[in-house]
Each structure stands twice: as structure tokens, then as C-alpha cells.
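Q: Sending over a structure as C-alpha cells; questions will come in a sec.
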Amino acid sequence: MKARAWLFVTPWIVGLCVFTLYPFAASLYYSFTDYSVLKPATPAGLANYTELAGDPIFRRALGNTVMYSLLALVPGILVALGLAKALNTKVTGTSFYRSAIYIPHLVPTVASSILWMWMLNADTGLLNALLRPVLDVIGWRAPSFLQDERFLGLDFQNKEVIFGALPSLALMSLWGCGQMAIIYLAKLQDVPQDLYEAAELDGAGAWAVFWNIELPQLSPMILFNIVMGIIGTFQIFAEPYILTGGTGGPNYATYLVPMFIYQHAFEYQRMGYACAAAWILFGLIALLTLVAFRIGQRRVYYAGE
Amino acid sequence: MAGDTSTMRAKPNLGRQVTAHLFLLLVTGAFMMPLVWMVLTALKPVEQTMKTPPEWVPRVWTAPLKGVRAPVDRIRKLEEPEALVVAGLGEDEKPGQGLFEGRRMLVKTADVKPNGGAWGGPLPPGPGQMRWRVGIEREPRTFACEIVAVYEPGSWLVREYVPDLRQTAKAAGAGGAETFYWEVVPENELERVAKPLWQNVPAALGKMNFWSMLLNTLWVCILGMIGTTFVSALAAYGLAFGRFPGRGMLFALTLATMMVPFPATMVPLFQLYRDLGWIGTFKPLWVHCWFGAAFNIFLLRQFFLGLPKDLLDAARIDGCSELEIFWHVVVPLSRPALAMVALFHFLFSWKDFMGPLLYLNDKSQFTLSLGLHAFQSQQGGTPWHLVMAASAVFSLPLIILFLCAMKTFIRGIAMTGIKG
């Protein structure tokens, strides 16, 4: 198994180089050039990066991306934990519930985006049809979701619920959190029985059991989900693209960095600029992943290590 | 592992069970609601999709057409008596070239008279004449006609239900004239009944060119699936059991590349594919799979490391080559993991939108993701019933796949949670 092992990994090494490392390095190079499809790249130093730093649209996109990531991940993990906990009470019909919460994750992005685009329609959408009777009672106006560039809040002066486009996008992603719930459930089922018995002897309540036993056991998984979640949410492209007809509107409210990169690369033909934005995105992902792992090292409990 | 229920703890507690059930019912209800809404919308007539407040159950107006009760669209309510006539020739028209020749028309009774009768008089069935203003002409022309029936005000003009009114072929073939079968029925014959309109589904699929897109999608999915499963397994085997310099580094690099967002490689990759002449072909969507994928390699390596080492050693002592061990020992033992990698790639590829968006230009090559998006954006979002029907059919294979291979899925999802 000396020389042979190389043969096993050769295709992967080639793939790694051609389809990941080369384009990754090349985009770093392009980020320091002025480059459109028509002309060869000419070195431009840090020009792209300084321009990005002053580009209000890029800053908006970056802020949106971070905000979206938070809005999608935090409620997602909380709901998934709640679902896993409920599923773990040995209720009858677990497999039915499990399938039901996982199936939305299977709906292809285009189909789910179109479905939500319609459900979130301010006038004829299902969500407002359900909300309106409730809000009518107190005389408040229903949110206009994707048409609203504002964020979240309650406008007491105008008696209006503000639920803007970006939170709407996050709401849609919450629909797919069943996958996480199933991972947590599997981990909960692996929690050693003796821990529960010990807790029972100590007279620990349900909350104490969750906080002191189950959460620590789940923590490696939660960390893993946070890291993969950051990586995933920072790359979200299809959902806002489809929901807003490729505009990221209204008024850039759902304009995320991947769409910025896509538009500059393939619509405005500013490849160098797009690559610089992509590298900033990567830098942010790497930084946040590192931070998550750092925090994780202190907070996460690894059994038997 | 998952599915092992022997480790269940916590004394069965009725109160907690009820709370859990209520919570789960509420959440599952919320999770299923959009899907139920999608399917029900797909089976509605278009006018019902626009209703506020929305209605859940598909309901359609029905009326007796050609003696059979059938779904109809209500066009308008007659406000004055109108006569159903079969038009004949106009004053200066030659047979075969008549403007309305042989066409069923609805004409105000004031503009019809029986032969030998007067305008606006009683209209017994039989030959007669009618007046009709053609186009922007000031004066109506007179045409011969055959009076069939007279309808009272309050009757309804109804048209046979067609899922898609913009069926261009049909409309063009009839010269924009009588394209769909219609009739006038008394109001009390109309009945609104709960009825799923299954005909919406084939109409939507035909309109978006579903079947050829399905073939495109399957081609990309299956080629990529075979490639990534096989090559990732090879690489995982090498990384799990191989002894070669740089193995640790290669594994670390493999893990690290999972952090690289697609946008960071997108531009040079696009250029690479363009230089290879692959833009506008399926190759950018599947060729790279034949060189493995980081996440799959990671998962499979973890799985391989958990295999009983004695078996591998025994095979090695028996003189098996590494390739034989891989193929005859590791692969059969790792079927669940391999199935999971294959399934998840299929899922990913079926759902992928950005890849096809970047690399495919021609409509004949669209995958379902791209095709559905094009369908929705071209329609301007108006025929929601058709868009939802197409969406439902697009999602269905994955749901069926899940229900059939639930074990592999659930185990796989749990396995992706291997300690990082």
C-alpha cells in the first residue's frame, strides 16, 4: 500500500487542483486586476478592493449577507432543537413527524422559492390571508413581506407590522430546518442512558437535563451546524435571485454578496471586481469559521476525548 | 446509531407526551401547509387562485356541455336577450370565403330577424338574417344565418374549461375565432362543485416542455452521481488506509476546501469551461464530479475508518491487491454510505439552479430547475395553477425517493453529523 495509494487519490488530486485550487488562486490574481471578458487582465493593484470599500451597494450586500446568516441560522437551530427534543419524548408516530418536517428540505430551491414568492404576496398570499383576520381585530395592517425594503419591527404610529424582504427570505429558509432537527434527534438518541439515570438520582428537572446533559452532548453538532450554516448562508444565491426576479430588491434589501458577484462578473463584465468581492466573502467565511471553532473549543463538549 | 430506540430514556410521562404531540402537530402542520397549498393550487381553476380570502379546496363551475356536466369558465352573464345563430354568407361574399361562414355566434336579438319577419321581432328557429359590425366599420353588415335558439337575460355564456387559455397553437389554428367550445346555459344549471382539475397537470407539463427537461436533468444527475460516488470512494479509501507522504496534508486540504464558497471559484471556472468550449453543454455540470468531491470524501473516509480492520488485514494476508480489497471488501461493506453519497448528490444536482444558469444557454438543454424558473418568469406569475402544478411535479420525484429510501436518508442525515 505504498505506491498504490497514490493511484486511489490521483483523480481527486487532479480534481482538487483543476476545479478548486486553480480557480481559487486565479480569482485571487484576478482580484488585483482590471479584467473584463473582452480584454485581457491588466494589473490594477488594490484598486478593486479600495473601490469595494467605498461601494455603498457592496457594503449593503455585505451587511445583508451577515444579517441574513444570523436570521436564518439562529431561529433555524432553535426550532430544530425544539423539534428534536419533542421527537425524542418517544411519542407515537415519530417517523411520520420526522418525514413531515424533513420533506420541505427536499423541495427544490426553484420550486420552493416560487411557492414562497406566492405565499408571501402581500395581497393574495396565503400568509397574509391567515394573518389579516387576526390583525384586523386590533386594527393593524398586515406586513407586505417581499415588497417591503424595511427590516423588522412594529410601527405603532401607523399600526403596521413590519416584516421586510430580508426576514422573509430567512423565514423561507426556516422551512428547511428539518434536516438539522433530524441530526439533533439522532444525537439525542445516542446520549448515554446512564447520564439520564444519574440526573434522575440527583432529582434534576427536565430543563436541567436539557441544559446540563443534552445540550453539551449536542454541542459538537451545533457547532458543526453553525460552521456549515455560515458557509452555506454566505453563498445563498438562487433564493433571492428567484424571489426578486434577479434584482435583489426592493432597493437592494435582499441583495446578497453572491448576487453582487454574479452580476458584476456576468452582467457588468467586471470580472476583477467580482473576484475581489468573492475573496472578501471567502475571508469573512474563513474568519467566522475560525471564530466559531475558537469559541467551540471552550464551549463544546467532546465525549471521550 | 440512528433508529436505535433501545437507548430511549425518560419515563413515559403523559403530560409531556401530550405537550410534545401538540407541539409536533403544530409545527408539522406549519411545515406541511405550504406543500398542501402548492398541490391544491395546482388543481384549481385560475380564477380561484386569485381569490381573496383564498380558498383551500379546488372548486370549479360546472354546466351541462353537449349533454355532459363538465367544468367550465364563466365568461359573462347575458344582460339582454341574445340569439344563438350559425352565421352564413354576407351580402357580397362567395361560398367558402365568408367572414363568419358556419360559425356559431351569439347576437343580440335586436340584430336578428327570421326570413320574412322584422328586426327585433319574435325569432322562431330557422333561416334568417343578422346584423354585425365588422371591425371598425361604421355600419353593420348583414349576413344570412340560421337561428338556433334565443336565450333570456340572466343566462350565462360559459366556455369548456381549459387549463391554459394561451394555448397558442389552438388559437392560431382557428384564426383567433372560435377556439374553445362554448355554450349558453341558464343560471340554475350552473353549479360550483369541489373538484380537482387534474387536467392542469399535463397542460403545465406540456407547456414547459417537461419531458425533455426531465431527460436533461436525469442525464446530469446520474452521470454526476456515478462519478462522484465512485471517485470519492476511491479517494476516501486512499486517505483512510493509504500510507504515503502528504496524506495528512491532503486530507486537511480536502477539509479546508469545503470552506471555499462557490463564488470564489466561479469566474475562473467559467473561463476554464469556456476555453474548453463547454459552455452550452452539460459537461460543466457533471465532469468535475468524476474527480471527487470534498464533502463526500470526508464522509466516506470517516465511514471506512469505522469498518472492522481485521477484515481488511485478512484480505491483505490472502494476497488481495488494494484495488481488490477496495472492490470486494470495502465497497460491499459500505453500501449504506455509498448509497447515501449517491442519493445526496442526486438531490443536490436535481435542485441545482446556479450551475445550469451559468452554463446552459439553449432552451432545449434546460434542466428542470432552469426550465421551471423560465416558465414562471415568462408567465409573469399569472397562471399560478400551472406554475404550481409544474413545481409539484418537479418536487415529487425527490419526495418519492425519500419515502422509498427513508432508511438511507435518515441514516445519512445522521451520519453527516459525524463529529467534525
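Rule-based calculations on the coordinates, nothing more; no lab input. Just so we're clear, the structure is a prediction, and the values are computed from it rather than from any experiment. No Cβ is skipped: glycine too gets one built from the backbone with ideal geometry, and neighbour counts run over all protein chains shown.
Q: Going highest first, how would you order A:296-302, B:297-303, B:240-246, A:253-259 by mean Cβ packing within 10 Å?
A: Top of the packing list down: A:253-259, B:297-303, B:240-246, A:296-302.
Q: Another question, then. I'm a student and want to see the number: the projected area of the Cα convex hull of region A:187-305, averaged over all directions, in nm².
A: Mean shadow area of the hull around the Cα atoms is 10.6 nm².
Q: Give the shape of region A:34-299 as rounded, prolate or oblate, defined through the alpha-carbon gyration tensor: a ≥ b ≥ c are the square roots of its eigenvalues, a/c under 1.5 means rounded, and otherwise the shape is prolate if a/b is larger than b/c and oblate if not.
A: Here region A:34-299 falls in the oblate category.
Q: Please give me, ordered by residue number, the chymotrypsin sites (Phe, Trp or Tyr not before Pro) of region B:57-131 that lie in loop per DSSP and have at most 13 other Cβ atoms within 10 Å. If you can, show how the numbers build up before the last one.
A: Values: sites: B:TRP61, B:PHE100, B:TRP119; in loops: B:PHE100, B:TRP119.
Those satisfying the criteria are B:TRP119.
Q: Based on the inverse mean of 1/r over its pairs of different Cα atoms, what is the Kirkwood hydrodynamic radius of region B:189-317, in Å?
A: Values: mean 1/r = 0.0532 Å⁻¹.
Across region B:189-317, the inverse of the average 1/r is 18.8 Å.
Q: Would you list which lysines come within 18 Å of A:LYS90, measuring only between C-alpha atoms, while excluding same-chain residues fewer than 8 positions from it?
A: Cross-link targets: A:LYS187, B:LYS11.
Q: Here is a further query. Roughly what % of Cα-Cα distances in chain B sit above 43 Å, to the whole percent?
A: 42
Q: Rg and Dmax of the protein assembly as shown over Cα atoms: what are they, in angstrom?
A: For the protein assembly as shown, the Cα radius of gyration and maximum Cα-Cα distance read 31.8, 111 Å.
Q: Another one. Could you sort B:20-32, A:264-276 so that the peptide with the highest average Cβ count within 10 Å comes first and the rest follow in order?
A: A:264-276, B:20-32
Q: Can you bin every Cα-Cα distance in region B:205-415 into 10 Å intervals starting at zero and give me the percent of pairs per bin, rounded to whole numbers?
A: 8, 28, 31, 21, 9, 3, 0
Q: Assuming R0 = 25 Å, what is the FRET efficiency of B:MET50 and A:PHE151, from their Cβ-Cβ distance, to the nearest 0.05? Intermediate results must be reported in sequence, preceding the final value.
A: On the way: r = 30 Å, r/R0 = 1.19.
Using R0 = 25 Å, I get an efficiency of 0.25.
Q: Taking the highest mean first, how do the peptides A:285-291, A:4-10, B:73-79 order by number of other beta carbon atoms within 10 angstrom per residue? It would help to have the intermediate numbers written out before the result.
A: Details: A:285-291: 15.4, A:4-10: 18.1, B:73-79: 13.3.
Descending packing order for the listed peptides: A:4-10, A:285-291, B:73-79.
Q: Shape of region A:73-196 from its Cα gyration tensor (a ≥ b ≥ c, root eigenvalues): rounded if a/c is under 1.5, otherwise prolate when a/b > b/c, or oblate?
A: Here region A:73-196 falls in the prolate category.
Q: If you don't mind, there's one more thing I want to ask. For A:TYR49 and A:LEU78, what does the FRET efficiency come to when R0 = 35 Å and r is the distance between their Cβ atoms, rounded to the nearest 0.05?
A: The formula returns an efficiency of 0.45 here.
Q: Still on this structure, please answer the following. Neighbour counts of other C-beta atoms within 10 Å: give me A:GLU149, B:GLU137 arranged from fewest to most.
A: B:GLU137, A:GLU149
Q: Continuing with the same structure: Sorting B:SER349, B:SER391 on the 10 Å Cβ count, fewest up front, what's the list?
A: B:SER349, B:SER391
Q: Can you give the mean number of other chain Cβ atoms that lie within 10 Å of the Cβ atoms in peptide B:22-33?
A: 6
Q: Please average, across the residues of B:352-365, the number of beta carbons from any other chain that are within 10 Å of each residue's own beta carbon, and give a whole number.
A: Mean shielding count: 2.
Q: Counting each DSSP H run of 4 or more residues in chain A as -39500 (n - 2.57), what helix-only mean residue ellipticity at 222 nm follows after dividing by all residues, to the nearest 500 deg cm²/dmol?
A: Taken over chain A, the calculation gives -20500 deg cm²/dmol.
Q: Over the whole of A:25-32, what's the average partner chain Cβ count within 10 Å per residue? Rounded to a whole number, please.
A: Details: counts 2, 6, 9, 2, 1, 3, 2, 0.
Averaged over the peptide's residues, the number is 3.
Q: Going by how many other beta carbons lie within 10 Å of each one, how would you line up A:MET119, B:MET259, fewest first?
A: The fewest-first ordering by Cβ neighbours comes to B:MET259, A:MET119.
Q: Using only helices, what value at 222 nm comes out for chain B when you add -39,500 (n - 2.57) per DSSP H run of length 4 or more and divide by the total residues, to the nearest 500 deg cm²/dmol?
A: -14500 deg cm²/dmol
Q: If I model a spin label as a point 7 Å beyond the Cα along the Cα-Cβ vector, how far apart are those points for B:THR382 and A:ASP136 in nm?
A: Once both label points are built, they end up 2.9 nm from each other.
Q: So if I take the centroid of the Cα atoms in region A:261-277 and the same for region A:168-227, what is the distance between those two points in Å?
A: The distance from the Cα centre of region A:261-277 to that of region A:168-227 comes to 41 Å.
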